[in-house]
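Just so you know, all these numbers are worked out from the coordinates, no wet-lab data involved. Keep in mind the model is a prediction, meaning the values are calculated, not measured. Here Cβ is always computed from backbone atoms with ideal geometry, including for glycine, and neighbour counts include all displayed protein chains.
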Amino acid sequence: MANGTYISMEVRQKNRDYEQIKEKSKKTWIENYGVDNPSKSKIVLEKIYQASLRRGCTPREDRPSRRIYYDAVWKFTEESWKKQFDKINPTRLNRTHNALDHIYSIQQGFKDCIPPYILGHYTNLRVISLSENGIKGMRCDKSKDKLFEDFDLAI
């Protein structure tokens, strides 16, 4: 019984501490940003947006055209997958645990104005593990020159 009461008091103290920290944080946010939560601040949201641009994200004004570009690349990618499956995936890896990867990334292709049919061509595709693909992110594992060279040799 005493042990249960002690735990209960300890929990109540932690809750009080948490509430004090929460109230102090709100007060600081209101003083610094004029809002009770920094994610509501236009200044904070703009800083987050600018950081994402530095990491390579597409600016807001280019996003509709990027969507059209991505769709076009994937149209050619799917066509390549069907027609050149054995060249893209010679060991027949299961796509449940693997991903179809654009060696020269779609994001970079968009920035460099590379035609979608080149990015979706089988010479720019490979199958890699989901974890490798997650680590790779937007990185290109092929130069622009090599991308065009591989494409030219294949046609």
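A compact table of results
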quantity	calculated
The one condition in (1) outside any helix (DSSP H, G or I); (2) exposed (fewer than 11 other Cβ atoms within 10 Å of the Cβ); (3) among the acidic types (Asp, Glu) that Glu46 fails to fulfil	(1)
Test result for Tyr70, over 26 Å from Phe148 (Cα atoms) and within 17 Å of the chain's Cα centre (by Cα)	no
Within the stretch 52-145, helices (runs of 4 or more DSSP H) holding 2 or more residues that are buried (at least 16 other Cβ atoms within 10 Å of the Cβ) and either in contact with a His (Cβ under 6 Å, 6 or more places away or on another chain) or polar (S, T, N, Q) (or both)	63-83, 106-111
Exclusive hit being within 30 Å of Ser25 (Cβ to Cβ) and under 15 Å from the mean Cα position of the chain (by Cα), set Ile48, Ile106, Ile43	Ile48
